[in-house]
Amino acid sequence: YGHHEEVQKMLKIRGLDVNDVDPYTGVTAAWIATQNGHAQCLIHLIDHGGVDLSKRSKEGYAPIHIACTDGRYKCLEVLLDNQCDANLPVADKSSSTPATLACENGHVKLLALLLLFK
């Protein structure tokens, strides 16, 4: 819910796995933060270290795909600034790239940002 102060506190818990996945959907905390547009929470996860930004949900989508689908500009900026692959294809039959997803959903500003990182 964007409570980035709470995320900071939780990240101090010993043994916390920032790449833990939901057993039903396969999504991670980074994936959920991106989907909901919580860039500050995403930054805290990345700053904690060890977060896998290419980890995909059971549907084959990584956080960068969700950012481009849902129009999460700030989150996409954070992901790209942290070496997230701007050309990472979705792991499904379509193999859509982040740029394809941005175009399909009418997110022109996201497409422009992606083009800067290609």
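The values are calculated or read from the model by the stated rules, or taken from the named source; none is laboratory data. What you are looking at is a predicted structure, and each value in this text was computed from that prediction instead of being measured. Please note: Cβ atoms are built from the backbone with ideal geometry, for glycine as well, and neighbour counts cover all protein chains shown. Side chains are part of the model used for accessible areas, which takes the heavy atoms of the whole protein and leaves out ligands, DNA and RNA. Shrake-Rupley method; radii C 1.70, N 1.55, O 1.52, S 1.80 Å.
As a fraction of the 1.4 Å probe accessible area of the range 65-109, surface on carbon and sulfur atoms comes out at 49 percent.
Between the entries (1) 109, 23, 13; (2) 47, 31, 28; (3) 40, 26, 23, the label attached to Cα extents along the principal axes in Å calculated for this structure is (3).
Placing pseudo-labels 7 Å out from each Cα toward the beta carbon at residue 116 and residue 25 gives an inter-label distance of 2.9 nm. A simple packing score, the average count of other Cβ atoms within 10 Å per residue, orders the peptides 78-85, 43-50, 63-70 as 63-70, 78-85, 43-50, with the highest score first. Can you give me the C-alpha center-to-center distance between the range 93-118 and the range 16-65, rounded to a whole angstrom? Cα centroid to Cα centroid, the span is 19 Å.
Compute the longest continuous run of the chain that contains no exposed chymotrypsin sites (Phe, Trp or Tyr not before Pro); treat a site as exposed when its DSSP state is not H, G, I, E or B and it has at most 16 other Cβ atoms within 10 Å. The longest uninterrupted stretch comes out as 25-116. Average accessible surface for the chain: 58 Å² per residue, computed with a 1.4 Å probe over protein heavy atoms with every protein chain in place. Pairs of Cα atoms in the range 46-91 fall into 5 Å distance bins, from 0 up to the last occupied one, in shares of 5, 23, 34, 26, 11, 2 percent.
In this rough spin-label picture, where each label sits 7 Å from Cα along the Cβ direction, the residue 47-residue 81 distance is 1.1 nm. Comparing the range 56-116 with the 2.2 N^0.38 Å rule of thumb, its C-alpha radius of gyration ratio is 0.97 (two decimals).
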